[in-house]
Structure formats: structure tokens, C-alpha cells
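Presented below is the structure to which this report refers.
The values are calculated or read from the model by the stated rules, or taken from the named source; none is laboratory data. Keep in mind that this is a model prediction, so the values were computed, not measured. Here the Cβ positions follow ideal geometry from the backbone for every residue, glycine too, while neighbour counts run over all protein chains shown. Areas reflect the complete protein model, heavy atoms only, side chains present, ligands, DNA and RNA absent. Shrake-Rupley method; radii C 1.70, N 1.55, O 1.52, S 1.80 Å.
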Amino acid sequence: MQSTPLFLRCTKWKGFTFSALLLLGSSGSLHAYDAAIAPEASSGLTNTSVFQAQTFAVAAANPLATEAGYQILRAGGSAVDAAIAVQAMLTLVEPQSSGIGGGAFLLLSSDQGMQAFDGRETAPAAATGDLFLNDDGEPLAFMEAAASGRSVGVPGLLKMLELAHQQHGVLDWSDLFAPAVQLAEEGFPVSARLHTLLEGETHLREDPLAAAFYYDNGEALPEGYILKNPALAAILRQIAEQGSQVFYQGDIADDMVNRVQQHPAGSGGLTLEDLLAYQPAVREPICTPWKVYDVCGFPPPSSGHLTIMQVLGMLEYLPVDTPVHNGEQSVDWLHRFIEVARLSFADRALYIADPDFVEAPGGDWNTLLNPRYLASRAAIVGDQSMGNGGAQAGNPQEFFTAYAPQSDQPEYGTSHISIVDGMGNALAMTTTIEAAFGARILADGGTGLAGGYLLNNELTDFSFRPGDAEGRLIANRVEPGKRPRSSMSPTLVFDTETGEWVASLGSPGGAAIIHYTARSLIALLDWQLAPSEVVGLPHTVTLGGPVWLETDRFAPETLSALEALGHDVSERDLTSGIQLLINIPEGITGAADPRREGRVMGD
Ligand code: GLY
């Protein structure tokens, strides 16, 4: 389905200008393989936004957010400055995916080298391993856990952004919120995607504030409706003027804690002490050689980079003559991609969790990427599929683990931002409130005004079961103060020989973020496809069980050929939201995923 690019509708709308910035310019179930991996529903395809710039560029999931970042970059701001402005705007215009009530991973290349800013939510001090078990010791249904106070983790986003800004900000912190505050006060047009997701949502309607704000007598606000968010404007104004601490103590914090603790569908353990105690982390990124590149990504608690690089690394030992032909990936290549995904997801399920709680196999996460280990894993791939549940975790470096593997469970939501500034900084940030609309709790910060921001349900990224039937613990179980394992994969690529920046990319999509990002890296750097082709190429996903092919994007013969190889194949929407920027001799080019509403801008 093609539709008019949202950006055209938005830019025509009301002659909106960022006047504040112009001033700046002058200065479910735990059964394996049940996981829904495209949790934010599809809203159809838009035209791929393609673009070229010389000095700086920003790609984000909503045109108004991209525009906010663009204005900051044009005003001389750094990549981190622009990311803050984009994020503030996303909280307003793409509330279903990310926001100040959630967390993010920000990967930055600057004159200080590579840094991984970790703003992942943490479990409250009161959280225990049985958080998501019912009275019979069985896991809650996913939405029963998610749409309640018990899924809400301590939001880490703002403290992380503030830390990054202290180190890399050029413009004043307070200026970065001006676009979002202005638009929250004046109103923004509800996008087609936001409308579609509101319409399909049930639990959000059960939250009194959200029901009154996003619905009109039970009807989702229509596309183009000019929505003002005075509560969010007031909250962002306070954050702009007083810094992130105003979010973690005082009225906004009191309001958040009350909503979580008094939630009718399940009280959560979040306290004021948890909010005060939250600390972002700055971690060492993992840079992995692949072909003529260094691919840099986020270390645990993200499973993204390690799993992506296992996929890419194993495929090096499984070459095919024609991986892609006329825009369709060949059956030979798809079979290998699916099988190595099975193997890497088996390792992920056993080993990867918050590194502050769980030791890496052999004491170093890179053991999972050791070429000899990956060669031995690739050798498992045969002509026929190993089938649903057929892949077992490997054992890098004879490491003994007492852990049990985690079953697949839904992982949701999320938004990705890629930015390159005029000062040589490259940024990739993936940001989330977990499921679409998070915990389905709208918080007004105690302002009493309409609207507000949504609280995350990030704790459902933990294993619902703390252990298996034999009493072995699961690495990614709930523990107080722990960060849930993530799939978010903000990625920066460099030329190994020159050290020059090559690409910035990432995607939303729950566990399928890993497949979307891995396949994009291959399509861009190995198959040398143009950015719009990279983001538009059809998706294939498996978590180790059934194989999902993107609906109506593959020939029927491809499905039957994969079935003949033993794959349990079906079609479904695979709603990635890849944002891609790349370095070209003329400057920067890039593309936004046509499956969402993204846009790329720059000068
Ligand atoms: N909640 C999405 C992720 O962290 O992978």
C-alpha cells in the first residue's frame, strides 16, 4: 500500500515553524515461539525518504522529530544536542514507541573515542524473581504483566541524556527542549501511524488519563487532529529549566510512583528512592572486525551487537554465489541466514544479561565472537533446517555455565535515531518504552493538565520465569537494580584501514531488531545496495522456531522452497523502522524505512 508521504502533509500543515529555534539559529505466554515479533502494528508503506547532505544529517522515525534535530544541527548543535531535541519531540509525536518515561542506548563516536551511554531502565529495589509469576508460580500472560504497574522500570533516559550532554553538548540543555515544548503547546497533527495504533489498542483505553486524552468517546483521535499536550509541555519546561533531577524527585516523581504503586491492574514496586538512586552507565562499546570494517555496537545488557555479529561472523563461513537477485534474497542465502539466526539466538538465550549481574562466558563477551568458535558453530548448518527448537547454545572456550536458557517471549516497541553533526561526531541511539504505549500508563507529572508522557513496561524484557524445571537460574531473571536484557542495536561502522566513519544505523522491532540490523549491514556493506534498497528489502525472522517472512514480499516459490528445507514458514507484518546514514564522497546520504514514518534531513 502506498500513501502520500506523511512529511508532505506535515510540512504543509498550518505553516508551522520552530520559532523558538530560529532564535537559537541567530544564536504472553512463555511457550517457546509464541512471541509476537512485530508488536507495533503495521500502518502500511510510505515512500522511502531518500536524501543527500554535505555536512550534517539526522534520521528519525517522525518528520517533526527529524525537523527538531535538523534545526538544532543547523544552529550549531552537536549530535548529542540534536538527539536530545529529537527525543523530546518523539515523546510528543511518537508516544507509542519511546519517551522520557523509558530508556535508551546512545552510541557515540567523538574526539573522545567511542562511548556507549546506557540509559536502560533498572528493576526497583523491591523487585524479586517472581515478579511476573502468578499465585500458582506460573508466568502471567504478557499483557497482564505489561499493562500494569509491575512492569515499570526506573526510567533512565533523561539522566543518560544529561550525562551525554555534560560531555558532548554545545548548545544549552534548556534550548534543546524548545521545539517539543512549543509543539506540545500549539498542537501537532496526529500521524497516520499514531492513529492506527491508537485504534487497535485496548489496554490504553483502560487508563483514565489516556482514555480522555487520546480518544474521543472511545474513538481514536483521527489522523490530522491537532493534539495539544499541556501536561507534557509543562514537564518538559521544568526539565529544560531545572535539569533531569526535577523528573526524579518532587511532583513529577511523586506522581509517577503513585500511578505505579496504585495501579488497579497490578501494583508495581517503584519508589522515590529507586528514582533518586538511578545511575546511567558509560560502557565500552564492542567493535568487531568484519570484512574491511569495524562494526561497533552496544555491549550487554544489549544482546543486539553480539547476536548480530554472530550472524554476520557465521555467514562468512557459509558463502553463497547469488545471495540476492532482482531485490529478492535467494533461498540458499535465506536458509543460511535463518540457520545462523537459530544458533545465535540459542547463545543469546543462555548467556546474555546485565553484565553487572552476570559474568560473560570465559570472562569476556568477545568469546562469543571468536572466529574459531563461530566457524565451529557455522559447521552445524546443514542442507536441511535444524528445525523448530533444534539449535542449542554452544560452549565458547569450554566455559561452564550453570544457567538455563530463557524461553522466547515478546519484546516490543522502540524507535531509532541516527545523527552525524558538522563536528565529526556520529551517533546512533535506540530508544524505547518497550511495548507500543509501554505500560499503558499516562502520567501528567502531577500538573493536573491534559496529556503527559507514557511509562515504560521495560521489566517485561526480563525472563518471566526465574529458573527452569530443574532449578537452574536464568541469567536474565528479575533482580533488584538489574537492567533487563535488550535487543536494541545502535550501530556505527568504520573503515578498518582509515578509521573513517562509514554508517550509522539501527531499528525498532523487539528481538527482530537483530535480524533487521544484521540484514541491513549485509545489504549495505556486502551487497553494496543503495540506502533506499537496504531499508526496503523484505525481512526474514526466526528466534529459533517458526520462520516469518514479511507478508507479500516473497514469491510463493520461495516459501515452498524453504518449507522443503524443513523450515516452518509463515508470513506476517515485520514492521522495522530502520534509520540509515552513510558516508559518501559527496557528503552524507541515507534513508528512512518505508514501513514507518521516518524522514532524513541535513545540509
Ligand atoms: N524493549 C526493546 C528492547 O530493549 O529490545
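Here are the numbers for the structure shown:
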read-out	value
Value of Rg to Rh for the range 413-521 (Rh from inverse mean 1/r over Cα pairs, i.e. Kirkwood)	1.09
Total lysine pairs under 27 Å (Cα atoms) in the chain, excluding pairs fewer than 8 apart on one chain	4
With all protein chains modelled, accessible area of GLU67 [1.4 Å, Å²]	40 Å²
Cα pair distances in the range 63-148, grouped into 10 Å bins until the bin that holds the longest one, percent each	15, 31, 27, 17, 9, 1
Over the range 319-361, equivalent-ellipsoid semi-axes from the Cα gyration tensor in Å	33, 9, 8
Of all accessible heavy-atom area on the range 444-603, the percent that carbon and sulfur account for (1.4 Å)	49 percent
Zero-based 5 Å bins, Cα pair distances in the range 164-262, whole percents	2, 11, 16, 18, 18, 17, 12, 5, 1, 0
Mean ellipticity per residue at 222 nm, deg cm²/dmol - from DSSP H runs of n ≥ 4 across the chain, formula -39500 (n - 2.57)	-8500 deg cm²/dmol
Sum of side-chain charges, GLY362 neighbourhood, beta-carbon under 14 Å (Lys, Arg +1; Asp, Glu -1)	-3
Mean Cβ neighbour count within 10 Å, used as a protection proxy, ranking 127-133, 524-530 highest first	127-133, 524-530
Ranked by how many other beta carbons lie within 10 Å on average, peptides 503-512, 169-178, 269-278 from highest	503-512, 169-178, 269-278
Given charges at beta-carbon only (K, R positive; D, E negative), |dipole| of the range 104-243 in Debye	340 debye
Surface per residue (accessible, 1.4 Å probe) for the chain, Å²	33 Å²
Average Cα contact separation per residue, the range 426-506, under 8 Å, 6 or more apart, as relative contact order %	28 percent
Total formal charge among the other residues, if their Cβ is under 10 angstrom from that of ALA184, Lys/Arg +1 and Asp/Glu -1	0
Inverse mean reciprocal Cα-Cα distance (Kirkwood Rh) of the chain, Å	23.6 Å
Distribution of pairwise C-alpha distances over the range 187-344, 10 Å bins, in %	8, 19, 20, 24, 21, 7, 0
Cβ crowding within 10 Å averaged over residues, with 556-562, 208-214 ranked highest first	208-214, 556-562
Size-normalised alpha-carbon gyration radius of the range 533-603, reference 2.2 N^0.38 Å	1.42
ASP255 accessible area, 1.4 Å probe, all protein chains in place, Å² to nearest 10	20 Å²
Between the range 567-603 and the range 436-515, the Cα center-to-center distance that results, in Å	20 Å
Solvent-accessible area of LYS291 with every protein chain in place, 1.4 Å probe, in Å² to the nearest 10	90 Å²
nm² value of the averaged projected area, convex hull over the Cα atoms of the range 145-185	4.4 nm²
Quarter of Cα convex hull surface for the range 302-437, i.e. mean projection, nm²	11.8 nm²
